[in-house]
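A short reminder: the numbers here are calculations on the coordinates, not readings from a lab. Keep in mind that what you see is a predicted model, and the values were worked out from it rather than measured. Cβ atoms come from the backbone with ideal geometry, glycine included; neighbour counts cover every protein chain shown.
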């Protein structure tokens, strides 16, 4: 069993989703915020 964020990280590593999409769908925003090209404030 794995967490949602672990599954998202796996998809991101395999380049099946973008960092922005990962950030939108994840639970732990801090985990994925550092991967964004645009600051999280601009995405909302």
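A few notes on this one:
- Taking label points 7 Å from Cα along the Cα-to-Cβ direction, residue 27 and residue 7 give a separation of 1.1 nm.
- FRET efficiency, 1/(1 + (r/R0)^6) with R0 30 Å, evaluated for residue 37 and residue 14 via beta carbons: 0.95
- For the chain, the longest principal axis of the alpha carbon atoms and the long axis of helix 4-13 meet at an angle near 80°.
- Mean shadow area of region 4-43, taken as a quarter of the surface of its Cα convex hull (nm²): 2.5 nm²
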